[in-house]
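Asker: Please see the structure below; I have some questions.
The values are calculated or read from the model by the stated rules, or taken from the named source; none is laboratory data. Here the structure is a predicted model, which means the values were calculated and not measured. Backbone-built Cβ (ideal geometry, glycine too); neighbour counts: all protein chains shown.
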Amino acid sequence: MTSQFGPYRVESLIARGGMGEVFRAYDTRHDRVVALKLLAPEFAADGDFRARFRREAHAVARLREPHVIPIHAYGEIDGRLYLDMRLVDGDDLGSRLAAGGALAPAEAVDVVGQVAQALAAAHAEGLVHRDVKPSNVLVGATGFAYLVDFGIARAAGPGPELTATGGAIGTLDYMAPERFSDGPADHRVDVYSLTCVLHQCLTGSKPFAATTTASLIGAHLHQPPPRPSELRPGLPAAFDAVIARGMAKDPAQRFSGVSQLADAARAALGGTGPVRAAAPPTRVAPVTEARRPSKAPWLVTAAALVALVAVAGWFTVGKPASHARSAPPSTSAVPSTAPPVTTTRVSVRTSVATAVARGADLGLATAMTTPACDGSYVVVLGSAIDPARYRADIQRFLDAHPGAGYLHTPTTGCGSLRRQVNGADVYAVYSGPFRTKEAACARRSSGAYVKRLDDTTPPAQVISC
């Protein structure tokens with residue numbers, strides 16, 4: 001049953017939380033489907049909250065980080081605060097973890113790295129999210145992650161931590177210790193919460209098993225951070241140190257920022273390079289608050305995922321560019337006194353770069369393959385879109401998926417595969433081919449997706465399972 005809210009035709013409920021409800025709605029003014037968040041009525045009655053909401057909504061709407069859901073408008077209609085956001089077609093991370101358990105370590109690090117990019121952009125603008133949790137992370141079919149629900153974010157600095165009804169703002173399972181005191185809470189509360197999310201991604205369980213409010217608060221305040229390697233055999237023990245530092249009781253002992261947390265997680269996995277954006281920022285016109293309450297909206301949509309897939313290329317699952325090991329820089333000249341092995345190493349590196357430029361085999365132990373463009377299906381497990389990192393990115397995904405192969409999309413020659421991203425060829429790790437969609441879907445793991453090898457399917461289209 002539909003209802004009307006200002007210019008929005010509310011169609012169905014998407015989610016319900018402590019701050020309000022999110023609906024699928026049709027914006028009649030702009031002829032588009034959006035995600036419409038309606039905050040609980042009591043928030044509009046709080047003058048301080050209403051003023052802060054407008055101020056912070058404006059700041060968040062100006063963020064241009066691709067992992068932050070674009071906000072089109074915000075405001076108040078009939079005494080109800082609302083956000084009009086892009087509707088993202090994907091699963092929230094909390095649902096994925098509940099349904100499938102822990103993620104592969106590489107995927108866990110990748111998702112957290114993407115969320116860290118969103119938070120770093122917000123922190124640079126003086127904004128603190130304060131409710132980083134799996135259910136506030138949306139992951140699309142290509143593995144591209146979005147951080148949502150900045151509706152309770154506030155400018156860093158002193159301010160009330162309680163709602164008008166006296167409830168804590170945030171989710172207890174992921175709240176930093178300082179949130180339970182009168183002390184200042186800055187961007188490092190998000191470092192703590194994101195570390196809790198990383199732990200859950202790696203182990204499938206929340207950091208603390210306490211079930212009551214009092215015991216959970218006590219765990220955050222006094223219980224040592226968990227050791228994920230003890231909960232998941234085979235997980236690198238280096239993650240224990242990452243979790244311990246990210247969840248330090250004293251904010252001064254934590255990572256200085258979310259980017260440092262993401263880098264440490266990648267190093268624990270085996271990578272050393274910096275966390276980088278997996279897709280270029282989307283240009284969005286500045287959002288301004290409407291002059292009249294009935295004309296002011298805010299927005300989170302799912303259709304932009306298609307646009308981002310088209311920009312980043314169809315082979316972007318796992319976002320290897322955001323967590324793969326960086327290739328060492330090439331040396332243009334070798335001193336005459338350099339030992340022979342150095343000369344050989346530079347020669348090999350140069351020849352590989354030249355070969356890659358021609359779209360050749362990457363010279364890995366697993367040989368490159370060229371599946372037939374005959375209408376069969378493959379499950380895409382990961383990709384490489386940075387020439388300087390092709391070998392490291394592809395090797396990482398091959399290590400994570402024994403028995404998988406890799407291909408070079410231009411060599412494969414299928415029109416359904418995106419061949420270049422920002423002028424660089426695309427390599428990808430895959431399983432298959434499979435003769436039927438059903439067979440491919442049966443082999444699809446969390447974060448992977450299915451493509452058909454033909455000349456008619458659009459490159460940006462992912463096969464629905």
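Asker: Collect the residues in segment 18-28 that are without any contact (Cβ under 8 Å) to a residue 40 or more places away in the chain and part of a loop (DSSP other than H, G, I, E, B), keeping them in residue-number order.
Answerer: THR28 - this is the single residue of segment 18-28 that is without any contact (Cβ under 8 Å) to a residue 40 or more places away in the chain and part of a loop (DSSP other than H, G, I, E, B).
Asker: Additional query: Hey, among LEU87, LEU63, which residue is touching a strand residue (DSSP E or B) at 6+ places or on another chain (Cβ under 9 Å), not charged (D, E, K, R) and not in a strand (DSSP E or B)?
Answerer: Working: LEU87 fails: not in a strand (DSSP E or B).
Matching residue, one of LEU87, LEU63: LEU63.
Asker: Now, a different point. Looking at ALA104, is it out of contact with any Ser or Thr (no Cβ under 6 Å at 6 or more places or on another chain) and without any contact (Cβ under 8 Å) to a residue 24 or more places away in the chain?
Answerer: Details: out of contact with any Ser or Thr (no Cβ under 6 Å at 6 or more places or on another chain): yes; without any contact (Cβ under 8 Å) to a residue 24 or more places away in the chain: no.
So ALA104 fails the test.
Asker: Quick one: in segment 207-226, which of the residues that are surrounded by fewer than 16 Cβ atoms within 10 Å (Cβ to Cβ) and among the aliphatic types (A, V, I, L, M) is nearest to MET175 (Cα to Cα)?
Answerer: LEU221
Asker: Between LEU87, LEU83, which is in contact with a Ser or Thr (Cβ under 7 Å, 6 or more places away or on another chain), of a type in the set (A, V, I, L, M) and under 20 Å from VAL148 (Cα atoms)? Spell out how you get there, then give the answer.
Answerer: On the way: LEU83 fails: in contact with a Ser or Thr (Cβ under 7 Å, 6 or more places away or on another chain).
Unique residue meeting the criteria: LEU87.
Asker: What is the residue count in segment 20-37 for residues that are surrounded by fewer than 20 Cβ atoms within 10 Å (Cβ to Cβ) and at pLDDT below 90? Spell out how you get there, then give the answer.
Answerer: Of segment 20-37, the ones surrounded by fewer than 20 Cβ atoms within 10 Å (Cβ to Cβ) are 21, 24, 26, 28-33.
If we keep only those that are at pLDDT below 90 as well, we get 21.
So the answer is 1.
Asker: Of the residues ALA59, ALA73, ALA51, which is closer than 24 Å to LEU13 by Cα and among the small types (Gly, Ala, Ser)? Steps first, please.
Answerer: Details: ALA59 fails: closer than 24 Å to LEU13 by Cα; ALA51 fails: closer than 24 Å to LEU13 by Cα.
Just a single option satisfies the conditions, and that option is ALA73.
Asker: List pairs: first residue in segment 392-415 and of a type in the set (Lys, Arg), second residue part of a helix (DSSP H, G or I) anywhere in the structure, Cβ distance under 7 angstrom, at least six positions apart or on different chains.
Answerer: Here the result reads ARG396/ALA106; ARG396/PRO320, each pair linking segment 392-415 to a residue that is part of a helix (DSSP H, G or I).
Asker: Can you name the number of the only condition in (1) modelled with pLDDT of 90 or more; (2) under 21 Å from LEU269 (Cα atoms) that ALA392 fails?
Answerer: ALA392 satisfies every listed condition except (1).
Asker: A further question follows. Any idea which residue in segment 245-257 is nearest to the chain's Cα centre (by Cα), counting only those that are over 10 Å from TYR192 (Cβ atoms) and buried (at least 17 other Cβ atoms within 10 Å of the Cβ)?
Answerer: We begin by selecting, within segment 245-257, every residue over 10 Å from TYR192 (Cβ atoms); these are 245, 250, 252-253, 256-257.
With the extra rule that they be buried (at least 17 other Cβ atoms within 10 Å of the Cβ), the set shrinks to 245, 257.
Numbers: ARG245: 22, GLY257: 17 Å.
Step by step, filter segment 245-257, then rank; the result is GLY257.
Asker: Restricting to segment 108-150, what's the tally of residues that are outside any helix (DSSP H, G or I) and either within 17 Å of ASP89 (Cα to Cα) or within 10 Å of the chain's Cα centre (by Cα) (or both)?
Answerer: First pass over segment 108-150, keeping only residues outside any helix (DSSP H, G or I): 125-133, 137-149.
Now drop any that are not either within 17 Å of ASP89 (Cα to Cα) or within 10 Å of the chain's Cα centre (by Cα) (or both), which leaves 137-149.
Adding up the residues that qualify gives 13.
Asker: Looking for whichever is surrounded by fewer than 20 Cβ atoms within 10 Å (Cβ to Cβ) and within 20 Å of LEU172 (Cβ to Cβ) here; the options are ALA98, ALA124. Which one fits?
Answerer: Working: ALA124 fails: within 20 Å of LEU172 (Cβ to Cβ).
Sole residue among the options that is surrounded by fewer than 20 Cβ atoms within 10 Å (Cβ to Cβ) and within 20 Å of LEU172 (Cβ to Cβ): ALA98.
Asker: Of all the residues that make up segment 422-442, how many are in contact (Cβ under 8 Å) with a residue 24 or more places away in the chain, over 16 Å from PHE397 (Cα atoms) and of a type outside the set (Phe, Trp, Tyr)?
Answerer: Step one: filter segment 422-442 for residues in contact (Cβ under 8 Å) with a residue 24 or more places away in the chain, giving 422, 424-437, 439-441.
Imposing the further condition that a residue be over 16 Å from PHE397 (Cα atoms) reduces the set to 422, 424-425, 433-437, 439-441.
Next cut, of a type outside the set (Phe, Trp, Tyr) only: 422, 424-425, 433, 435-437, 439-441.
Matching residues across segment 422-442 total 10.
Asker: Assuming ASP84 fulfils every condition listed in (1) in contact with a Pro (Cβ under 9 Å, 6 or more places away or on another chain); (2) within 18 Å of LEU194 (Cα to Cα) apart from one, which condition is it?
Answerer: (2)
Asker: Here is a further query. Would you say ALA57 is of a type in the set (A, V, I, L, M, F, W, C) and in a helix (DSSP H, G or I)? If you could, list the steps in order and put the result at the bottom.
Answerer: Numbers: of a type in the set (A, V, I, L, M, F, W, C): yes; in a helix (DSSP H, G or I): yes.
Yes, satisfied.
Asker: Considering only residues that are in a helix (DSSP H, G or I) and polar (S, T, N, Q), which ones fall in segment 172-228? Spell out the reasoning first.
Answerer: First, the residues of segment 172-228 that are in a helix (DSSP H, G or I): 172-174, 177-180, 188-203, 213-222, 228.
Of everything in segment 172-228, those that are in a helix (DSSP H, G or I) and polar (S, T, N, Q) turn out to be SER193, THR195, GLN200, THR203, THR213, SER215.
Asker: (1) out of contact with any Leu (no Cβ under 8 Å at 6 or more places or on another chain); (2) of a type in the set (D, E, K, R); (3) not in a strand (DSSP E or B): which one isn't true of GLU11, the others all being true?
Answerer: (3)
Asker: Kindly indicate which of PRO433, PRO371 is touching a Phe, Trp or Tyr at 6+ places or on another chain (Cβ under 7 Å) and either in the same structural domain as ALA360 (by TED's automatic domain parsing) or not aromatic (Phe, Trp, Tyr) (or both).
Answerer: Working: PRO371 fails: touching a Phe, Trp or Tyr at 6+ places or on another chain (Cβ under 7 Å).
One residue alone meets the criteria, PRO433.
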